[in-house]
């Protein structure tokens, strides 16, 4: 089975540009999570969805960040406008909230974002 | 709010030896789950093992086992017969029941020496 798919794997952009990161969760999973990883702050949860509905976006740093999940197989994280401090690795993860495997999150390979 | 603490930023172990990675957590909930994730240089986050707080028996997955001390809020990971491929960052994480939010520790870098 395919795991969580993220694209692009690497993104280099200039300050002020719009950046869109994409995620396809594992088929059948009903929860999706966006994380940001930096050396200074470690792994931070930005937002998560359950059944395509945003449940908790308290980790979204500012209004420049937005996330959508239009259907069960696709989500985007958008940064507009981007700033150098947004440089990080962004992970998408998915899980199936039920039964004995509840709360196990499976991560994608991440997108390394560099904003110059 | 729950917190997860990994006090040792780095450890090293000789190949074939055993190493224990420490983790402490704090939560006010009685229903929670604990996890260890591995992040090799490829940066892929890989689930290693999970423990449900209501279970007294320590979880085991092949060479990986945990020592779950609920009263002490301690959740250590033991790696037996260490292999070169075990070299990675290891993250401890906690999820409160009903929340799905994972709170991660800062991570610990494990080096395996041949």
Odd one out for residue A:11 among (1) under 15 Å from the mean Cα position of the chain (by Cα); (2) not in a strand (DSSP E or B): (2)
Residue A:30 being touching a residue at least 40 places away in the same chain (Cβ under 8 Å) and farther than 26 Å from residue B:5 by Cβ: yes
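Within the range B:1-46, can you find the residues that are more than 15 Å from the chain's Cα centre (by Cα), within 27 Å of residue B:113 (Cβ to Cβ) and not in a strand (DSSP E or B)?
Narrowing the range B:1-46 to residues more than 15 Å from the chain's Cα centre (by Cα): B:1-2, B:12-17, B:27-31, B:41-44.
Narrowing the set further to residues that are within 27 Å of residue B:113 (Cβ to Cβ) leaves B:12-17, B:41-44.
Correct list: B:15, B:16, B:17, B:41, B:42, B:43, B:44.
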Options B:65, B:82: the member that is under 23 Å from residue B:18 (Cβ atoms), in contact (Cβ under 8 Å) with a residue 24 or more places away in the chain and either more than 10 Å from every other protein chain (Cβ to nearest Cβ) or more than 12 Å from the chain's Cα centre (by Cα) (or both): B:82
So residue A:91, is it within 12 Å of chain B (Cβ to nearest Cβ) and either at pLDDT below 90 or within 20 Å of residue B:35 (Cα to Cα) (or both): yes
Qualifying residue in the range B:64-74 (condition: closer than 30 Å to residue A:113 by Cβ, at pLDDT 95 or above and outside any loop (DSSP other than H, G, I, E, B)): no
Any hit, the range A:84-99, residues being in contact with a strand residue (DSSP E or B) (Cβ under 6 Å, 6 or more places away or on another chain) and farther than 26 Å from residue B:46 by Cβ: yes
Residue A:66 closer than 21 Å to residue A:9 by Cβ, more than 12 Å from chain B (Cβ to nearest Cβ), surrounded by fewer than 19 Cβ atoms within 10 Å (Cβ to Cβ) and free of Cβ contacts under 8 Å to residues at least 60 places away in the same chain: no
Number of positions in the range A:38-53 that are over 20 Å from residue A:112 (Cβ atoms) and in contact with a strand residue (DSSP E or B) (Cβ under 6 Å, 6 or more places away or on another chain): 4
From B:93, B:59, B:87, residue being more than 29 Å from residue A:10 (Cα to Cα) and either surrounded by fewer than 21 Cβ atoms within 10 Å (Cβ to Cβ) or within 14 Å of chain A (Cβ to nearest Cβ) (or both): B:59
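The values are calculated or read from the model by the stated rules, or taken from the named source; none is laboratory data. Everything numeric here is computed off the predicted structure, so don't read it as measured data. For neighbour counting, all protein chains shown are included, and Cβ atoms are generated from backbone atoms with ideal geometry for every residue, glycine included.
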